[in-house]
Each structure stands twice: as structure tokens, then as C-alpha cells.
């Protein structure tokens, strides 16, 4: 197990390195694209562009610029923004992280509970009416654009029904849990529900499919022949074997979301998380910030991948010995 | 109805005219077509036939393990005098595992991979008795020892994939016997194992039968297993019983041409080498069962009357479903012996 | 089955967009129409109407008239007919979704087949590339590429793609999802390689090309067919997200995502502008998903056991 884990982590580091190179190349070295021109704006004169180029050190050779940026980012921790010169990037990201974390954690709790319940109920009642009903909601959940759902929720809670049913819903924004836990939760309530809706659908569908497959396996036949109740068979045998894949899926999704994949939800609900920061920096082409955000996000995705691989080996006794 | 060698009070299992059919898009498949058999106390009954003969389906449908929504099951199955056909899941649960134990064909997939073997045996024990966890665990270790698992105290906490195929089958047997069932049903218990392990498992089952006193129904396609273990034999073809009787009678004086084929196909070490007989033709599709005798299309001795389905008939405990008369059989046998002698 | 009908209906409606706007509604949905008027039930109605609520300042576009010949769903901030724009936008969204799904599936199939079949160094290199692409958070990659390429287009050697071309989102979205399809396909090829009939073909001396096209590909094709509608749905959703962020389809072209973006400012007064394209996306994506599930069940002999959608 240990050797496997170490190998996995080493390959994760290599992947992170490659991603950093890739990001750098995209933003600084796409053929036909001149970063200085972009920063200077579309209507800049050649002199201004040349000035920008020199100011930001863009006239140095590519590998040198890469090393310099990485150095500022990881070692000296003093990478500064293009857009707001002098403002350090890393603190910005760190400030945004707890917001994203609050959003993702709350939503994760909701979607796991709802998704697992949905999948179990659908599988237990397969063939009866509630089964395709739950599955239809699952498909609908996947088909809804995240940002649109957020806007619709806003529409209903802030405008249409704001004076009546939803008068208690606060305006968008974030409140730190440290200063006021109740307001923190209240502000996050609808963002949680919106983000959770998307994922609950997927999880319910995946779990149902896994459960139904498991229920057709030989070991379930043995369990029946042992005289166990259908409920016990579903919850103790089939579910336990199906949860393994759900856990892997969850690890990957959670990692991606912590890294800022919820940017649309954050933007729609006005939550200043990492995703929001990414969005803003992309709009203004604030390259150092973009770089930092992307690396931040990629780090968690890669970490989550590695953790899930290791966790999978831990959860499935069959895999444990093989590794 | 055939005359009854086993008085009702002694029959652990009495199956009467069991019929199982599936309605599929291509038509009705009659998987089991009128099976009747008795299993007495401490008796080993072997059900033999090729794949598709309906032998497994018959046993599964008796216990309500057929979960297909398109199935129709009729007939009567009396277990210890009680009708168990048509009982709900709830009513069957105490019977399954508690009074009737089952062993399945593929030991590699029969156990839940994420729980230890000890946990799975304890689960069954606690489902049917009111043992405490500790008592159940002790019993589990005892059972593992009885089925020949070495070092049972530590092996009880191992996962199924840490056992070999033969060992896993032993665990399954231990689990099936854990609640002292009166009847044990074994569906091709040795088919997936190598020859040496096969012999060990069969020996084990015989030994345990002596200890526990349960009756056994063993399903197989291998006449060798029948010869080794069975007291009585049911030969099935296309969902119908072809021949029933005490094992020695059926093996020494087989009456149905299908049984002749099955026995002729067994290689023998003692007799001088001769070509193994194969039964001509291929086994029929369950959708194409002919109106008369199911075996007629492949039978070398078919007659006109075979277009009518033969009923089970015979004297005493040895019955067969064939139109051949005893004289005809003697003639066929004489001819065959003469041929063998001259070749 | 219903899903198939719905999809065809949606596609047809959108393809007929020019017909609708030209013949029925007599509007040009790409041109501002702030001063325009039209006749409704005999009356002349202003497209942009004075605000009566709040401070009474500014103008608000007209709401849905529920009349097919004029501003069925009302007008947007530029006075343009929302319904006509919706149909045109559908063309763009469907086009981008479908074409990028085709490109994605084709490239993924090629990569997956090559990597899975040839193994060794080829597999290692291809898998590493796929891994890196895959580890890159999908949205971030799409957004990053879009941001860069959309300001100045793509100029690589002889390939010149203008910044406003629809080809850019198509290629970006296709590229981003290639690993998503390629990895499972590669897995299928790997397990196929172990099967006896492939071993037999190799043993009988068939050439690699022959094995790939005659034996492997037909067995991978069902999976590709199942992936396809799902990818169209995915890609459409991604495109709409990118367009919503203004880095997908560029004006004056419209797609469902851009219309939603346009409708944001009007969200509380004229919700139809933002709601309609969203609903359109949901209906189309749901139908595509159901189609994909149906295709998967059709190819899977054990599907009957599982039931449901």
C-alpha cells in the first residue's frame, strides 16, 4: 500500500508541473497571441505595447519567464497582480478559499444525503412508479445550466416571491461564519441548494445503476438463500458494494469544486470565492491571478485524484492485496 | 400418480407436478414441465441432466429465488408436510437458510466481497437463531474447522478473495449448514472446481451429511457425481423427468435412451477402451419442445407412438417416461453387447 | 422514444428560424429596434415602453404578447424579438454542440483505439497527454482557452481562424472533452484485446489495420453511439456557460447562452428573456440524455433486468 501511495503522489506532482507549464503556455505562448497587446488593450499604440512588454518582463525568453513566475508564486510568495499592481495574489486566493469551502461543504452534505437516498429508494422500488420519477429528476438535474438555475432561484427568491414567501431571504453576498453563523448559513442556503441539486441528480442515477447491478450478482442470490430480508440485502450487501464507486466519484467532484469549479454558482450568487476570483481575473486578463487560481484549482483536482485512487484501494478489500 | 415408496410422514420434501414457465417475447418457455420427486430423511437425491434441462430452475423456483416478473409456477412443494410454493418472501425467509440450505455453483462469486467470511456466517446464524455475537462467532469458527479450513481462528476474519476456490466452497458449505437445515440443496457444487478438489468437496459433503443428518438434493450434469453420492436419481431432459429410481438400479439397468446416452458418455478406467458414445443431435431449445416425447428427435429408437408424450411408468421405485417395452429394451441391449464383443 | 421526437422537433424549429423571422414575424432579430412599433390586434404598440414603475425613468421592452406574428415572447433590451432570437440562437447552440460532439467522439475514438490497441510507448504518451488534459479542471481549461483565443483568433501556420468564428468554441469544447470519452473507450479496447476472438485474429496473422477496423471498431461503436447524444448535451451546456460568460459565441451572433446573458439585466422585469433559453436548453438536454440512456439500454442485453429510464 505504501509503495503504491508514494508512486501515486509522485505522479500527481508531475501532473501538477505539467499543468503549470500548460497554463503558462496558453497564456503566454499561444501562437499569434501577444500577451502584451492584450494587457495594453486593443487600441494601444505600438509604443505602449512595447512599454507594457518591458514593464512586465515579457521580453525575456520563455523558459526564464516561466521560472520567474513559478518562483514568485511558490517560493517568494509575492506574485503581484497585473490589474491591481502591488496587490499580492496569494493572499487574495487565500481570502477567497473559505468562502468556496463553505459553499462546497454545505452543498456536499445535502447532495450526498439526497443523492444516496434517491438512489436507494429508486433501486428498492425498481419498476414501480417512483423509480422512473426519481430518475427523471436526476436527468433533469444534469440538464440544467448551473448558472441559469441560480438565476431562476434568484428570480424567485429576490424578486417574484420576495415580498411574500421568501421575504426572509437575504440579498446575495457572503457573511463570515465567525462573525454571524446564522447569517452565514442563511446567505448560503440557496446557493447550497442550487449547487446540490445538480450533483444529487447524478449521484442518485449512478447509485441506482450500481445497486441494480449489484442486486443481480451471485452474492445477493446467496444472501437471499440465507434467508435475509430484502431490506437487509439492499442496505448491507448491495449498498456497501456500490458505495465504493460513489465514494470515488465524490472525491473527484469535491476536489474539483474546492478548487473553484463552482465559479458559476459563486458568480450568480455573489459569493467572493475562488471561482469568483477566477472569473473576475479572466475578465480583466489579470494573468498572475489567473495563474494562481488555476494552479490552486488544479492542485486540488490532482490531489483529489490521487486520494481517491488510494482510498479506493483502501475501501475495496480485493484491491488492497493486489496493490 | 406413481406409487409412493416414501410414506408422507417421512418425506422431507415432496414435489408434485412442478411446472415453471417464463413468458418471453419469443413465446412461452416451459422450463420445468411436470416434475415430481420425493426426498426422504437422510437421503441423497441426485438430479442430473444437461444444461437447459431445467434442473436448477426447478430448485430455485421452489425456494422463491426466481425473481423474474414473467414467471409462472404451479404445482405443489411440501417441505416437512408444509406447502412452501407460493409463500411470500417474508414467510419464506425463516425457511431459507434456517431449514433449507443452499450451495451454489460458482464459489468465486458466491460470497459478498466486502465482508469477512466470519461476518457472513455470523449474519446467517443471527438471522435464524438468537445467539449473541460472541456465541455466533464461536460457532462460525467451529463450522470452519468442520469443513476442513486450516487455522480457523484466524481465517474467520479473512475476506473471501483470500481463499482459493475450493476453500471458498467449503465456506459456503459451512454457511449453508450453520443452522442445521433438514435439507441441503447443492447446485453443481463441484463444477467450477478442479478434479482433485471436486473429490474432496464431495467427501466433505458425505461426511457432513452423516454428522448433521440432513437430506441432500444434488444437481449436476456429471454422472460420476451421481454414482459417488446419490441414493436416488432423477434424470431430467427438457424440463421433464425422463427416469427416476434408486441410483444402483438406474445405473445398472437404465431404461430411458437418454440415460443410456449419459452413462455411455462416461469414460471408464476398468473396461477396455472403446469410443465414448455421444448422444446424437444437440440439446433442444426450450422454445422448440416437440409435442410428443421431448427426446424423440435425438433418439435412435424412436417409434411412431413417440409422437405422444409418454407418462412416467414402471414398477415400484424405478420409473421412466418412455414408450419402449421391457422386451424391446432387452433386444436393444443384446444387440449392443454383441456389437461390443465383436469390435 | 418521446425523447427522439422532442429532439427532432427542437432541431426542426430552430432550423426554420430564418423562415419564422422572415415570413411570420417580419423582424430582423439581429438589428436593434429601439424605436420600432408594430401592430397588435389593430393597435400600434411601441416595442420599448416607458417605465411606469419605480422612478418612471427609462424604457422597458415589451413583455410576451403570446401572439406568433409579433414578439411572441416579448423584446429584449435592444428591442429585438426574443422568440426569433431564440430560434436563431438554437441553431448556433445545436450546431456547436453537435459538431463539437462529433469532433470530440472521432478524435477520442482514434486516440482511444490507438492507445488501447498498440499499448507500449504509444499508449504511455497518449495516456499522459489525456491525463494532463483531464486533470486540468474542465471549466478552467475551456475558459482559459476561450479567453485567449477569442481576443485574437487562432493563427498557427496555415490555420487562421477569426476571433468571431463559431469554429473556436467548437474546437475548444471538443478538445476539452476528448479525455472524457477517450479514457473509457481505451478501457474497452484494453478489455477487448484479451478476448478470444481478438487473440484468434492476431494469431491468424491478420494485419493491425484489419483487426482495428473489422474486429475492434465494431465492438467499440456501440459505446461511441451511446456517448454521442450525451456529449451533445454536455457540449451544449458548456457552450451556454461560456457564452454566458461572454467568452463563447460572440455578438452579433446569438446562442442560448448569450440570450440568457442578455436577459440578466431584465431578469426581474422581463424574466421571459432569460427564462426561455434556459427552458429550451433543459428540454433539449433532457431529451438528449434520455436518448443516450435509451441507446445504452438498446445495446445492452441485460437492460431488461434493470428497468426504469
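Bear in mind these aren't lab numbers, they're just calculated from the coordinates by the rules spelled out. Source: prediction; values computed, not measured. Here Cβ is always computed from backbone atoms with ideal geometry, including for glycine, and neighbour counts include all displayed protein chains.
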How high is the relative contact order of segment B:128-239? Use alpha-carbon pairs under 8 Å, at least six apart in sequence, and give a whole percent.
22
If you line up the long axis of helix B:133-146 against the longest principal axis of chain B, both from Cα atoms, how many degrees apart are they, to the nearest 10?
40
Expressed in angstrom and ordered largest first, the alpha-carbon extents of segment B:105-260 along the principal axes are 54, 30, 26
Rounded, prolate or oblate: which fits segment C:162-309 when a ≥ b ≥ c are the square roots of the eigenvalues of the alpha-carbon gyration tensor, with rounded for a/c under 1.5 and prolate only if a/b beats b/c?
oblate
Averaged over B:104-112, how many beta carbons belonging to a partner chain fall within 10 Å of each residue's beta carbon?
4
Inside 10 Å of the C-beta atoms of B:306-318, what's the mean count of C-beta atoms belonging to other chains?
0
In 5 Å bins starting at zero, report the fraction of Cα pairs in segment C:88-132 per bin as a rounded %.
5, 22, 18, 16, 11, 10, 8, 6, 3, 0
Per q in 0.09, 0.11, 0.21 1/Å, what log10 I(q)/I(0) does a Debye calculation on the alpha-carbon atoms of segment A:102-255 return?
-0.38, -0.54, -1.24
Work out the mean other chain Cβ neighbour count within 10 Å for the residues of A:144-156 and drop it here as an integer.
6
Using label points projected 7 Å from each Cα along Cα→Cβ, tell me how many nm separate residue C:299 and residue C:190, to one decimal.
1.9
Order by protection proxy (mean Cβ within 10 Å, highest first), peptides C:240-251, C:263-274:
C:240-251, C:263-274
By average Cβ neighbour count within 10 Å, what is the ranking of B:253-260, A:242-249 from highest down?
B:253-260, A:242-249
Take the Cβ-Cβ distance between residue C:200 and residue B:195 as r, set R0 to 25 Å, and report the resulting FRET efficiency rounded to the nearest 0.05.
0.35
Relative to the compact-globule scaling 2.2 N^0.38 Å, provide the ratio for the alpha-carbon radius of gyration of segment A:85-162.
1.61
Within 10 Å, count the other beta carbons around each residue, average over each peptide in A:251-259, B:204-212, A:210-218, and list them highest first.
A:251-259, A:210-218, B:204-212
Semi-axes of the equivalent ellipsoid for chain B, please: Cα gyration tensor eigenvalues, times 5, square-rooted, ordered largest first, whole Å.
37, 24, 18
For chain B, what does -39500 (n - 2.57) per DSSP helix run (n ≥ 4), summed and divided by total residues, give at 222 nm, in deg cm²/dmol to the nearest 500?
-9500 deg cm²/dmol
Remind me, relative contact order of chain B in percent, using alpha carbon pairs under 8 angstrom and six or more residues apart?
20
How far is the Cα center of segment A:281-312 from the Cα center of segment B:112-128, in Å?
44
